[in-house]
1. Please give the net charge around Phe44, taking every other residue with its beta carbon less than 13 angstrom from that of Phe44, where Lys and Arg add +1 and Asp and Glu add -1.
2. How do the peptides 50-58, 8-16 rank, highest first, by the average count of neighbouring beta carbon atoms within 10 Å per residue?
3. Residue by residue through region 46-59, which ³J(HN,Hα) values in whole Hz follow from phi under the Karplus form 6.51 cos²θ - 1.76 cosθ + 1.60 (θ = phi - 60°), with glycine and proline marked x?
4. Given H placed 1.01 Å from N in the peptide plane, which residues other than close sequence neighbours of Thr186 have an amide H under 5 Å from its amide H?
Amino acid sequence: MFDGVDGLGSVAVGSDTAGNVQNSYSYDTWGVGRSSSESFSQPFRYTAREKGDALDQWFYRARVYTPTAGRFLSEDPLGFDSGDFNVYRYNFNAPTEFRDPLGLFSVGKSCDCDKTVDPFDKKTTSQRIASETSSFCNKNLASIRDPRARACVAKRCQSGNVECKWNCPENMFGGVPILLAPFTSTATVCGNTLGAAPGVAGHTVIHEWLHTCGWWSHGTPPWSKYPRTVPGVWPEISD
């Protein structure tokens with residue numbers, strides 16, 4: 001079975017190996033199912049999340065989302081530190097502008113401009129950003145040696161944002177304006193240069209989040225108070 005997705009990454013059709021449509025699904029803006037037809041059972045639906053224990057629930061890893069209410073069933077793990085006064089709402093009440101596949105950080109719709117599925121890892125740019133950033137947040141936070149930087153990035157993993165731009169030069173992977181960095185939790189990455197090399201998308205997001213946390217080192221003193229803070233995230237810094 002091969003799944004086709006819509007602009008939010010929701011499963012819209014499922015086709016067999018001959019290309020014949022066997023399953024079809026449609027949803028409203030918040031994910032309430034409008035229609036469905038299945039020849040083969042599969043668990044993924046709205047924003048490619050699985051059904052929860054109840055009929056009107058979707059499993060977003062950290063939290064469970066209910067589309068009829070348009071909200072999560074539990075509070076944001078960071079509470080009010082997430083930057084949103086409403087700790088239950090889904091994607092800032094803008095479900096067509098953001099995606100939140102983990103119930104934590106959000107990946108903006110700007111990262112969906114290229115829906116090409118890479119033949120090697122079978123992921124779009126948006127899916128690669130979400131999965132690699134999640135992997136770093138879950139497994140590699142300890143590699144950030146400075147405790148303040150590590151704590152700040154941990155918050156971004158819980159409730160930060162990721163946006164994409166698509167006209168970057170070949171040697172640029174992302175960028176946060178220095179004057180805006182202290183006032184944002186959004187990492188801006190270059191969708192057209194990330195490529196499919198394993199880890200690049202996730203490391204780029206962490207790199208840009210570190211800028212929003214006040215860390216500007218690219219491994220070259222004297223610009224850095226902590227020139228060896230993040231081994232592996234910046235190429236110039238290594239163990």
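1. Numbers: positive: Arg45, Arg49, Lys51; negative: Asp3, Asp6, Glu38, Glu50.
Net charge around Phe44: -1.
2. Details: 50-58: 13.3, 8-16: 18.4.
Per-residue Cβ counts within 10 Å, averaged per peptide and sorted highest first, yield 8-16, 50-58.
3. 4, 6, 6, 9, 8, 5, x, 5, 9, 4, 9, 9, 10, 8
4. Under 5 Å from the amide H of Thr186 lie the amide H atoms of Asn161, each far enough along the sequence or on another chain.
Only the coordinates and a few stated rules stand behind these numbers; no lab work does. Computed from a prediction, not measured in an experiment: that's the story for all the values here. All Cβ positions, glycine included, derive from the backbone under ideal geometry; neighbour counts span all protein chains shown.
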